[in-house]
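Report on one structure; see the data block that follows.
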Amino acid sequence: MSLPLTETDTLPPAGPEWRISDQPVPYPDAVAAMEDRVAAIRAGTAPELVWLLEHPPLYTAGTSAKAEDLLDHGRFPVFQTGRGGQYTYHGPGQRVAYVMLDLVKRGPDVHRYVTNLEEWIIRTLALFNIRGERRCGRVGIWVDKQPYGGLPGQEDKIGAIGVRVRRGVTFHGISLNVDPDLSHFGGIVPCGITQFGVTSMHALGHLASLHEVDAAMRDAWDGVFETPGSAVDACIR
């Protein structure tokens, strides 16, 4: 299956190929393309890949999803997926990054890989003067809302992570809320967490375009994934 792309280029030999799709990609098409690429990476016939895209509005259920966390069964299509995690929303205005890396070559520590994904989001947000943070016991990246007029202790999720590894090759990846319709998260309990909400870069007053976010993700990548020992695995309790 060919990927619907408008841009394709390759970083220096140490880095993966990067691709950007300019139109929302149907979820089944994306999964099939990832499956094909993962097999090719493992066979040594294709390079690693970071694929940046949007999806049409939809919900996905990870391997830990609970049926009761799907609140609106008819709102958007729901896809069962093999990634870790629970229910999440994807839609226009959200940058999804599917990351296909060879951990056999890079190092088989999956926990470290997830830490690097978190760090990648944090450093990307920092380029827009947004402080993204880890929280112990809560996967993803969070924003303290108090500096934005929220109450003390109010936190919203801005970046989600859900990964799968097959024969040492990663797929699925992250999503970063740039300017999605946040009301669409109301059809699920996002990631099974009821006491905190979701936010976006635009909701925080940072009116970046997807193109600008893509450029920031490129800028942040090398310092995390191509620089050994760069990420710090520290969460706030």
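The values are calculated or read from the model by the stated rules, or taken from the named source; none is laboratory data. These numbers come from a predicted model, not from an experiment. Cβ: placed from backbone, ideal geometry, glycine included. Neighbour counts: every protein chain shown. These accessible areas exclude ligands, DNA and RNA; they are computed on the full protein's heavy atoms, side chains included. Shrake-Rupley method; radii C 1.70, N 1.55, O 1.52, S 1.80 Å.
Summary table below
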item	result
Matching residues in the range 34-64 - criterion: being in contact with a Ser or Thr (Cβ under 9 Å, 6 or more places away or on another chain), open to solvent by 10 Å² or more (accessible area, probe 1.4 Å) and under 25 Å from N177 (Cβ atoms)	E54, T63
Hits in the range 46-85 - residues which are of a type in the set (S, T, N, Q) and in a strand (DSSP E or B)	T60, Q80
Residue list for the range 117-137, filter: assigned to a loop (DSSP other than H, G, I, E, B) and either open to solvent by less than 10 Å² (accessible area, probe 1.4 Å) or at pLDDT 95 or above (or both)	L127, F128, N129, I130, R131, G132
Unmet requirement for D222, which otherwise passes all of (1) closer than 30 Å to E48 by Cβ; (2) open to solvent by 50 Å² or more (accessible area, probe 1.4 Å); (3) assigned to a loop (DSSP other than H, G, I, E, B)	(3)
Failed criterion for P152 (all others in (1) farther than 20 Å from R123 by Cβ; (2) touching a residue at least 60 places away in the same chain (Cβ under 8 Å) hold)	(2)
Condition check for T88: open to solvent by 10 Å² or more (accessible area, probe 1.4 Å) and in a strand (DSSP E or B)	yes
Lone unmet requirement of (1) out of contact with any helix residue (DSSP H, G or I) (no Cβ under 7 Å at 6 or more places or on another chain); (2) modelled with pLDDT of 95 or more; (3) open to solvent by less than 50 Å² (accessible area, probe 1.4 Å) for D102	(1)
Matching residues in the range 165-184 - criterion: being surrounded by 23 or more Cβ atoms within 10 Å (Cβ to Cβ) and not β-branched (V, I, T)	F171, H172, G173, S175, L176, N177, P180
T194 being open to solvent by less than 60 Å² (accessible area, probe 1.4 Å) and either farther than 30 Å from I41 by Cα or within 18 Å of the chain's Cα centre (by Cα) (or both)	no
When residues of the range 204-219 are limited to those that are out of contact with any strand residue (DSSP E or B) (no Cβ under 8 Å at 6 or more places or on another chain) and surrounded by 14 or more Cβ atoms within 10 Å (Cβ to Cβ), the one nearest to I20 (Cα to Cα)	A215
So G162, is it assigned to a strand (DSSP E or B), surrounded by 21 or more Cβ atoms within 10 Å (Cβ to Cβ) and at pLDDT 95 or above	no
Unique match (being of a type outside the set (D, E, K, R) and in contact with a Pro (Cβ under 7 Å, 6 or more places away or on another chain)) among L125, L117, L101	L101
So S200, is it open to solvent by less than 10 Å² (accessible area, probe 1.4 Å), in contact (Cβ under 8 Å) with a residue 40 or more places away in the chain and assigned to a loop (DSSP other than H, G, I, E, B)	yes
Flag if G140 is touching a residue at least 40 places away in the same chain (Cβ under 8 Å), part of a loop (DSSP other than H, G, I, E, B) and closer than 27 Å to A67 by Cα	no
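Per-residue answers, yes or no, for (1) among the acidic types (D, E); (2) closer than 25 Å to P228 by Cα; (3) in contact with a His (Cβ under 9 Å, 6 or more places away or on another chain):
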| site | (1), (2), (3) |
| --- | --- |
| A39 | no, no, no |
| L49 | no, yes, no |
| A61 | no, no, no |
| E68 | yes, no, no |
| D72 | yes, no, no |
| Y89 | no, no, yes |
| R95 | no, no, no |
| R123 | no, yes, no |
